């Protein structure tokens, strides 16, 4: 088997390669940044219009109270999960190969949570009163309703967001110090001096750093699982057919890891190409990520089947009707597209020759995420057009361009944040790559010595 | 501000169970001042309903409901708190029109264990001590979770700033707006209140005159407008009220999730016997256990009467 990383890369070389990604943006960078800004402005424009006119411009109506906003909200929350998987779970499992790629995955976590947070606001009819949902001490002793899954949601997301920002920051401290030491004088040097918190790489600092990093990692894992379980509770705790499903929390968590891993593959390929990180984001690492994604895809497919089966054999006619309507009704093309993208396309990842084929994997990862977005939409929307009450059955509603525009704009916002991140924070963890190289070279040395019989 | 007063405050708003929980004895802010409790309830006789929509119109006039206009109506963004639904009989997948449509007036069922109440993140929809499901417009942030969880889909959202639009109350219609209640701005949820501007007046009058609220003292707008008298409204805790008598006659008990007569009927059907007496009263989607406060009386179809 080929190696995850060459063990003879000089440490100075690592610094140089990664630091290069922080400097001198090429023309393409500005083009992408501008394009992202434009896409985001479309979303902003739509939101301003919706803010002024009212939610009606999104073309929702009485049974169709929730639309693409909630679906896309779940999508972005889901995206955030793989960062934690790579950085925290695989960290605890001592999976070495995560080291060159976890930093941008962790950033993805933070930024997709920030994007998801926007959708909470966009969805609200009176966003200017959003603070009512916070448990702040008020003179009138009015509290939010702690029974509402939506409130748990707000709390879980806020906790998760703040923790993942802390985690991202703590993990970057040694790298900020490297950046501080290597960058030419200027405002950026000052910025890194502040961010590095006086890091000198002493033994004591390293020891404290390890303990802190491990503690936050352990703290983050249950949070990540709980966040998506609580998002699932928004549906599972309600009474609606198609939503009131006991298996939703694990199903959502699996779906979240799935879409997150697919997004990691997408970003992996882009960063590898743009920053010429071929030495660090190697094909064997891609292969491992792809295999992990394939495994999660199968878990997701399994849970999907379980959900259908339990509905089918439940004798719950209403839930069954919703399922039948998903597969045959007006949503059928999207539902089948979801099945195709989510459960059929991943089988491409089974073949060894495709696992390291960059164009194929890029296309597959995009298709997987399309499938996962459709999945969220197919959870939210069809229940409304076929609920308990017959009056709702003939009230189909197609989302307006305003809704699509805001969904579209959110991708611009995410890209924007990520592009800025790439130029400020080293997107490959330098100190951990060095560790990895060091461990590898030690291992080879040992092996050689073993062969020579010199110990 | 401590956790204990948070919990105390909270418990005032929350029932644990509609049957065991006897309401709010320490409801200091709004004491009813009445000797007997009030539980507002309704009975609607579908046999009497002709589908004339007078109730719906009356509701528009009484509750300041905006007329949204043709275009918004086509988008399903209308605000009719009281809606008349039409159902046709079906045989082998084909609609049978000769019997005519069956009509069903649908409005908020004021469930005792309302699915909408528990899910609101800000507690904008609550149970009142007289058994109503109330909506606090000022508190609502428009998450629309209540409507998502409402099995009857009777909650209406202000998709636009309806009071500002021209067609809501074109002149001189704006002069007939009811001063006893507000108009609602964009982004809040609203729904049938059982005409609470009327029930509260009756309650206050009764308290001031140191008597009970008499049966028939309060009429809801829909009830008042119904030409066939299909709707009756009153206090279910007052055994002499018409509503309480109707509920009792029909064997529908508000605190039961499955009515005894239905259990019995099911048992007899299981044993292959014809049920002796058919009673018409039922509550919609009772099996979901929201404990609705509206009882419907089934329509007697010509074919079954022959």
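Quick check: anything in the range A:118-130 more than 30 Å from residue A:291 (Cβ to Cβ), touching a strand residue (DSSP E or B) at 6+ places or on another chain (Cβ under 8 Å) and modelled with pLDDT of 85 or more? Talk me through it step by step, then tell me what you get.
Going residue by residue through the range A:118-130, those that are more than 30 Å from residue A:291 (Cβ to Cβ) are A:118-130.
Adding the requirement that they be touching a strand residue (DSSP E or B) at 6+ places or on another chain (Cβ under 8 Å) leaves A:125.
Within this subset, residues satisfying the condition of being modelled with pLDDT of 85 or more are A:125.
Yes: one or more hits.
Can you name the residue in the range B:140-165 that is in contact (Cβ under 8 Å) with a residue 40 or more places away in the chain and part of a helix (DSSP H, G or I) and, of all such residues, is nearest to the other protein chains (Cβ to nearest Cβ)?
Among residues in the range B:140-165 that are in contact (Cβ under 8 Å) with a residue 40 or more places away in the chain and part of a helix (DSSP H, G or I), the one nearest to the other protein chains (Cβ to nearest Cβ) is B:147.
If I filter the range A:88-96 for residues that are assigned to a helix (DSSP H, G or I) and buried (at least 24 other Cβ atoms within 10 Å of the Cβ), do I get at least one hit? Quick ask: steps written out before the conclusion?
To start, the set of residues in the range A:88-96 that are assigned to a helix (DSSP H, G or I) comprises A:88-92, A:96.
Remaining after also requiring buried (at least 24 other Cβ atoms within 10 Å of the Cβ): A:88.
So far as the range A:88-96 goes, yes, one or more of its residues are assigned to a helix (DSSP H, G or I) and buried (at least 24 other Cβ atoms within 10 Å of the Cβ).
Regarding the range B:86-99, can at least one residue be identified that is more than 11 Å from chain A (Cβ to nearest Cβ), assigned to a loop (DSSP other than H, G, I, E, B) and under 19 Å from residue B:185 (Cα atoms)?
No - not one qualifying residue is present in the range B:86-99.
I'm trying to understand the selection: among the residues of the range A:302-315, which are within 14 Å of residue A:244 (Cα to Cα) and surrounded by 16 or more Cβ atoms within 10 Å (Cβ to Cβ)?
A:307, A:311
Looking only at the range A:344-390, count how many residues are in contact (Cβ under 8 Å) with a residue 40 or more places away in the chain and either surrounded by 18 or more Cβ atoms within 10 Å (Cβ to Cβ) or closer than 18 Å to residue A:320 by Cα (or both).
Looking only at that region, the number is 25.
For the range A:196-211, which positions are part of a helix (DSSP H, G or I) and either surrounded by 12 or more Cβ atoms within 10 Å (Cβ to Cβ) or in contact with a helix residue (DSSP H, G or I) (Cβ under 7 Å, 6 or more places away or on another chain) (or both)? Reasoning before the result, please.
Kept after step one, since they are part of a helix (DSSP H, G or I), are these residues of the range A:196-211: A:203-211.
Selection gives A:205, A:206, A:209.
How many residues are within 16 Å of residue A:103 (Cβ to Cβ) and out of contact with any helix residue (DSSP H, G or I) (no Cβ under 7 Å at 6 or more places or on another chain) when one looks only at the range A:269-289?
Residues in the range A:269-289 being within 16 Å of residue A:103 (Cβ to Cβ) and out of contact with any helix residue (DSSP H, G or I) (no Cβ under 7 Å at 6 or more places or on another chain): 5 in total.
Considering only the range A:324-338, state which residues are in a helix (DSSP H, G or I) and surrounded by 19 or more Cβ atoms within 10 Å (Cβ to Cβ). Break it down into steps so the answer makes sense when it comes.
Restricting attention to the range A:324-338, the residues satisfying the condition of being in a helix (DSSP H, G or I) are A:324-328, A:332-338.
Matches in the range A:324-338: A:325, A:326, A:335, A:338.
Hey, residue A:129 hits all of (1) touching a helix residue (DSSP H, G or I) at 6+ places or on another chain (Cβ under 8 Å); (2) surrounded by fewer than 21 Cβ atoms within 10 Å (Cβ to Cβ); (3) part of a helix (DSSP H, G or I); (4) at the interface with chain B (Cβ under 10 Å from one of its Cβ atoms) but one; which does it fall short on?
(1)
What number of residues within the range B:184-200 satisfy the criterion of being away from every other protein chain (no Cβ under 14 Å) and touching a residue at least 12 places away in the same chain (Cβ under 8 Å)? Step through it out loud before you land on a result.
Residues of the range B:184-200 that are away from every other protein chain (no Cβ under 14 Å), as a first pass: B:193-200.
Applying the additional criterion that residues be touching a residue at least 12 places away in the same chain (Cβ under 8 Å) yields B:193-199.
Going through the range B:184-200 one residue at a time, the tally reaches 7.
Test residue B:180 against the criterion of being touching a helix residue (DSSP H, G or I) at 6+ places or on another chain (Cβ under 8 Å), free of Cβ contacts under 8 Å to residues at least 24 places away in the same chain and away from every other protein chain (no Cβ under 11 Å), and give yes or no.
Details: touching a helix residue (DSSP H, G or I) at 6+ places or on another chain (Cβ under 8 Å): yes; free of Cβ contacts under 8 Å to residues at least 24 places away in the same chain: yes; away from every other protein chain (no Cβ under 11 Å): yes.
Criteria met by residue B:180.
When the residues of the range B:67-87 are filtered to those that are closer than 20 Å to residue A:385 by Cβ and out of contact with any helix residue (DSSP H, G or I) (no Cβ under 8 Å at 6 or more places or on another chain), which remaining residue is surrounded by the most Cβ atoms within 10 Å (Cβ to Cβ)? Steps first, answer last, please.
The first filter runs over the range B:67-87 and keeps only residues closer than 20 Å to residue A:385 by Cβ, leaving B:72-78, B:80, B:83, B:85-87.
This time we only want the ones that are out of contact with any helix residue (DSSP H, G or I) (no Cβ under 8 Å at 6 or more places or on another chain), so: B:73-74, B:76, B:86.
Details: B:73: 14, B:74: 11, B:76: 19, B:86: 11.
Per the stated criteria, the residue is B:76.
Looking at the range B:210-220, can you tell me whether even one residue there is assigned to a loop (DSSP other than H, G, I, E, B) and either closer than 25 Å to residue A:53 by Cα or within 13 Å of chain A (Cβ to nearest Cβ) (or both)?
To start, the set of residues in the range B:210-220 that are assigned to a loop (DSSP other than H, G, I, E, B) comprises B:210-220.
Then drop every residue that is not either closer than 25 Å to residue A:53 by Cα or within 13 Å of chain A (Cβ to nearest Cβ) (or both), which leaves none.
No, the conditions are met nowhere in the range B:210-220.
Within the range A:231-252, is there a residue that is out of contact with any helix residue (DSSP H, G or I) (no Cβ under 8 Å at 6 or more places or on another chain), more than 23 Å from residue A:435 (Cα to Cα) and either within 14 Å of chain B (Cβ to nearest Cβ) or in a helix (DSSP H, G or I) (or both)?
First pass over the range A:231-252, keeping only residues out of contact with any helix residue (DSSP H, G or I) (no Cβ under 8 Å at 6 or more places or on another chain): none.
Within the range A:231-252 (the criterion being out of contact with any helix residue (DSSP H, G or I) (no Cβ under 8 Å at 6 or more places or on another chain), more than 23 Å from residue A:435 (Cα to Cα) and either within 14 Å of chain B (Cβ to nearest Cβ) or in a helix (DSSP H, G or I) (or both)), the answer is no, since none of the residues qualifies.
Out of A:217, A:224, report the one residue that is assigned to a helix (DSSP H, G or I), surrounded by 24 or more Cβ atoms within 10 Å (Cβ to Cβ), more than 14 Å from chain B (Cβ to nearest Cβ) and modelled with pLDDT under 90.
Exactly one residue qualifies, and that residue is A:224.
Any idea how many residues of the range A:136-153 are more than 7 Å from chain B (Cβ to nearest Cβ) and in contact (Cβ under 8 Å) with a residue 12 or more places away in the chain?
Summing the residues that are more than 7 Å from chain B (Cβ to nearest Cβ) and in contact (Cβ under 8 Å) with a residue 12 or more places away in the chain in the range A:136-153 gives 2.
Six or more apart or on different chains, Cβ under 7 Å: which pairs go from a residue in the range A:186-200 that's free of Cβ contacts under 8 Å to residues at least 40 places away in the same chain to one that's assigned to a loop (DSSP other than H, G, I, E, B)? Could you list them?
From residues that are free of Cβ contacts under 8 Å to residues at least 40 places away in the same chain, the pairs are A:189/A:183; A:192/A:183.
Take residue A:275 and decide whether it is without any contact (Cβ under 8 Å) to a residue 40 or more places away in the chain, farther than 26 Å from residue A:74 by Cβ and out of contact with any strand residue (DSSP E or B) (no Cβ under 8 Å at 6 or more places or on another chain). Don't jump to the end; show me each part of the working.
Working: without any contact (Cβ under 8 Å) to a residue 40 or more places away in the chain: no; farther than 26 Å from residue A:74 by Cβ: yes; out of contact with any strand residue (DSSP E or B) (no Cβ under 8 Å at 6 or more places or on another chain): yes.
No: the conditions fail for residue A:275.
Quick check: is even one residue across the range A:107-120 touching a residue at least 60 places away in the same chain (Cβ under 8 Å) and within 14 Å of another protein chain (Cβ to nearest Cβ)?
yes
Matching residues to (1) modelled with pLDDT of 90 or more; (2) closer than 17 Å to residue B:110 by Cα:
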position	(1), (2)
B:2	no, no
B:14	no, yes
B:25	no, no
B:29	no, no
B:40	yes, yes
B:45	yes, no
B:53	yes, no
B:60	yes, no
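Taking the range B:274-305 as the search range and keeping residues that are within 14 Å of residue B:47 (Cβ to Cβ) and in contact with a helix residue (DSSP H, G or I) (Cβ under 9 Å, 6 or more places away or on another chain), which one is modelled with the lowest pLDDT?
Only one residue tops the list, namely B:278.
Which residue is surrounded by the most Cβ atoms within 10 Å (Cβ to Cβ), if the candidates are limited to the range A:36-70 and must be without any contact (Cβ under 8 Å) to a residue 12 or more places away in the chain and either closer than 15 Å to residue A:399 by Cβ or more than 10 Å from chain B (Cβ to nearest Cβ) (or both)?
Looking at residues that are without any contact (Cβ under 8 Å) to a residue 12 or more places away in the chain and either closer than 15 Å to residue A:399 by Cβ or more than 10 Å from chain B (Cβ to nearest Cβ) (or both), I get A:56.
Could you pull out every one of the helices (runs of 4 or more DSSP H) wholly within the range A:341-435 that has 2 or more residues that are under 30 Å from residue B:155 (Cα atoms)?
Details: elements: A:352-355, A:358-385, A:401-424.
The helices (runs of 4 or more DSSP H) meeting that bar are A:358-385, A:401-424.
Which of the residues belonging to the range B:125-139 are in contact (Cβ under 8 Å) with a residue 40 or more places away in the chain and facing another protein chain (nearest Cβ under 7 Å)?
None - no residue of the range B:125-139 is in contact (Cβ under 8 Å) with a residue 40 or more places away in the chain and facing another protein chain (nearest Cβ under 7 Å), so the list stays empty.
Could you list, in sequence order, the residues of the range B:46-70 that are on the phi < 0 side of the Ramachandran plot and either part of a loop (DSSP other than H, G, I, E, B) or facing chain A (nearest Cβ under 10 Å) (or both)? Quick ask: steps written out before the conclusion?
So in the range B:46-70, the residues on the phi < 0 side of the Ramachandran plot come out as B:46-50, B:52, B:54-63, B:65-68, B:70.
Passing the criteria: B:46, B:47, B:48, B:49, B:50, B:52, B:63, B:65, B:66, B:67, B:68.
The values are calculated or read from the model by the stated rules, or taken from the named source; none is laboratory data. In this text, all values refer to a predicted model and were calculated from it rather than measured experimentally. Using ideal geometry, Cβ is built from the backbone for each residue, glycine included, and neighbour counts are taken over all protein chains shown.
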